Amino acid sequence: MSDHLDDRLAAKPVSRTRETLQTLMANKLAVAGLIALTILVFVGIFGETIAPYGINEIDIPNRLTGPSGTHWFGTDDLGRDVFSRVIVAARVSLQVGFIAVGFALVVGVPIGLVAGYYRGGIDSFLMRMMDVLFSFPAILLAIAILAVLGPGVGNAMIAIGLVYTPIFARITRGSVLVVSEEVYVRAARSIGAGNRRIIARHILPNVMAPIIVQTTLSLAFAILSEAALSFLGLGVQPPNPAWGRMLAEGRNFFQQAPWMGIFPGLAILVTVMAFNFVGDGLRDALDPKQKSVIESRGQSV
Amino acid sequence: MAEPLVSVRDLQVYFPVHSTGAIRRHVNDVKAVDGVSFEVARGETLGLVGESGCGKTTTGLALLRLIEPTGGEVVFDGDVMENLTSAQLRNLRKRMAMIFQDPYASLDPRMSIGKIVAEPLEVHGLADSRTEKNHRVGELLEMVGLSPDYRNRYPHEFSGGQRQRVGIARALATEPDFIVCDEPIAALDVSIQAGVMNLLEDLQRELGLTYLFIAHDLSAVQHFSDRIAVMYLGRIVEVADRVSLYEQPKHPYTQALLSAVPVPDPAVERSRQRMVLEGDVPSPIDPPLGCNFNPRCPQVFEPCTEFDPSLTAAAGHDVACHLYDPSEPVLDG
């Protein structure tokens, strides 16, 4: 065994990050997801420039026209170009996703770290609070929070963020419970490292893998939640376009103009699937147990 | 013996056992370490041997206060560790270190070995600048026989022996006086054990280190230790210098342990009488009344099942056995 490892020493240092990326790149679905996400982010940033029409360019004579060369995704009940609206709406969806999940990360991960590392009373207190949040169905809790804060994009971000906080707290705590028992944590203590240093330098880097995976998967669900809230009229307010809203508006014209609902729906589908593919790929790349399953599956084929 | 660097007095580590169910009641204790006392002189190596689960690792951890002892005291170079504030204790950690048994578990997989070795320097502010830190890390890696060029590599790229060398470099970073070596070679391939042992020996000579060397293997400590303490079920049963311990073991348990060590000469090995112990080690939750060894001792007699023998001097050894207790009448010579 030592011979084998000595051979590897002759090669360039292989960091875990690089190994992870290599595994990720070998996963076709994850690569497809990454490509889709890159396009989405590009569209999100430059949507207004790319869009062939203004999002609120009303053209009543051409209302409810089907997809054509001039209007790729057709027009809605006010003659607005569905393609332009779908493209511009990408930004707000991604924004809500990233900011809401960012909020959940920033609040949830420290809660999980503190609860898992110090245990005892503080652990019970923090995790019972998280359990209370977690016990509500996600979308109902978001609706309840928005009922208090009032509808709007900003409040939707907070609401979705709060809904996802306990997930991050739980995942982090679970991993911290395992990692804080590791010998290298005891070794760090033996050289005099304090709790804060141990948490930041030893615990956090070693619990990142599941958190990264959960972040990617949560982005998908946060975007879905935003769509649901906008569908219910609690998120993005008219006349600004949002996929969820467009879906809701399209519902009334589904018989005459199915494209009004189909294209925003497809946009949601593609985005959510892209995040999920990347998340699944990351999980396979970061979790050695999963990795072995996939490798053995590959060998048996 | 010179002024001891470390002295341990009546150290106790009990792990509470709780009842299962909604209300957790404290029902009992696992007496992992039950009244252990010993001293380690400056520059000496004290071997601590005993079978798995006898509390030797726990003793090492409690000595460094990596777990909280239940009772007793540890005096390190005149400082009673129980009386120190946590800041003082962290400062004292500069002077003591630990080398762990499993070199695969004791290095943070997310840190390069350069960072691992540099961490003690950072924690104690021992390097003023980045250059000084890098220089010192290179020096430490060289000291343990690793190329400083490896500093950016990660633990998973090394073999067990090399990882253990990284662990030793980390332990040496603060120039400690005292190192607890917790079975540092037990997890290594036999072919590389000798290399690590020699390294530890050389370092002791060069740096004047004091070791508490924990092992379950008597032959491993035989050549390495000045004195050897034998532990059984949370207690020290015998302490003696290595020569007389090997030549004239007093305690029946030590005798049994020694008879289990194979002799390299097949003629001797074939002819010698092995002393095979009956039964299992009793549970440390519920140790037997009297001497802990009495259920397995071939020479058990009346006081053994009633009174705890204390560690007393007998012909150059400290033995905890009624056979050698002058206050006890020896019944059958």
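Every read-out reported here was derived from the displayed coordinates using simple, explicitly stated rules and does not represent laboratory data. None of the values given here were measured: they were computed from a predicted structure. Please note: Cβ atoms are built from the backbone with ideal geometry, for glycine as well, and neighbour counts cover all protein chains shown.
Note on B:120-129: average number of Cβ atoms from other chains within 10 Å of each residue's Cβ is 2.
Is it possible to state the helix-based mean residue ellipticity at 222 nm for chain B, with each DSSP H run of 4+ residues giving -39500 (n - 2.57), the sum divided by total residues, to the nearest 500 deg cm²/dmol? What is it?
Values: 10 runs with 96 residues, N = 333.
Roughly -8500 deg cm²/dmol at 222 nm, from the helical runs in chain B.
Taking 0.36 nm per residue of sequence separation and removing the Cα-Cα distance, the B:Glu247/B:Ser283 pair yields an extension gain of 9.9 nm. Here, P(r) means the percent of Cα pairs in each 10 Å bin from 0 to the largest distance; for chain B it is 5, 23, 31, 24, 12, 4, 0, 0.
Taken about its Cα centre, chain B carries a charge dipole of about 1060 debye when Lys and Arg each add +1 at the Cβ and Asp and Glu each add -1 at the Cβ. Peptide B:92-103 is shielded by partner chain Cβ atoms: per residue, an average of 3 of them sit within 10 Å of its Cβ.
For a Förster distance of 41 Å, can you work out the FRET efficiency between the beta-carbons of A:Phe134 and B:Leu66, rounded to the nearest 0.05? Calculated value: 0.70. Per residue of B:186-193, other chain Cβ atoms within 10 Å of the residue Cβ number 1 on average.
I'd like the distance separating the alpha-carbon centroids of segment B:157-194 and segment B:276-329, in whole Å. Between the Cα centre of segment B:157-194 and that of segment B:276-329, the gap is 35 Å.
Other residues with beta-carbon under 11 Å from the beta-carbon of B:Ala240 carry, at +1 per Lys or Arg and -1 per Asp or Glu, a net charge of -2. Sorting A:Tyr118, A:Tyr53 from the fewest to the most surrounding beta carbons within 10 angstrom yields A:Tyr118, A:Tyr53. Shape summary: segment A:12-99 maps onto an equivalent ellipsoid whose semi-axes, from the alpha-carbon gyration tensor, are 39, 13, 9 Å in decreasing order. Spin-label model, B:Ala22/A:Glu57: points 7 Å from Cα along the beta carbon direction are separated by 6.9 nm.
Each Lys or Arg adds one and each Asp or Glu subtracts one; over the other residues with Cβ under 11 Å from the Cβ of B:Asp177, this totals +1. Principal-axis analysis of the Cα atoms of chain B puts helix B:190-207 at an angle of about 80° to the longest axis. For segment A:143-169 versus segment B:57-127, the spacing of their alpha-carbon centroids is 45 Å. How far, in degrees from 0 to 90, does helix A:259-286 lean away from the longest principal axis of the Cα atoms of chain A, to the nearest 10? Approximately 10 degrees, to the nearest 10.
Using helices alone, I'd like the mean residue ellipticity at 222 nm for chain A: each DSSP H run of four-plus residues gives -39500 (n - 2.57), total over residue count, nearest 500. Please list the in-between numbers first.
Details: 12 runs with 221 residues, N = 301.
Computed mean residue ellipticity for chain A: -25000 deg cm²/dmol.
When only alpha carbons of the protein assembly as shown are considered, Rg and Dmax amount to 33.2, 119 Å.
What FRET efficiency comes out for the pair B:Leu126/A:Ile39, r = Cβ-Cβ distance, R0 = 45 Å, nearest 0.05?
On the way: r = 51 Å, r/R0 = 1.13.
The pair B:Leu126/A:Ile39 has a calculated efficiency of 0.30.
How large is the charge dipole for segment A:25-300, taken about the Cα centre, if only the Cβ atoms of Lys, Arg (+1) and Asp, Glu (-1) carry charge, to the nearest 20 debye?
On the way: 20 positive and 16 negative charges, 206 e Å.
It comes to approximately 1000 debye.
Once you reduce segment A:38-103 and segment A:174-206 to the center of their Cα atoms, the two points are 48 Å from each other. Pairwise alpha-carbon distances in segment A:25-300 exceed 36 Å for 27% of all pairs. Charged neighbours of B:Glu119, selected by a Cβ distance under 10 Å, balance to +2 (K, R count +1; D, E count -1).
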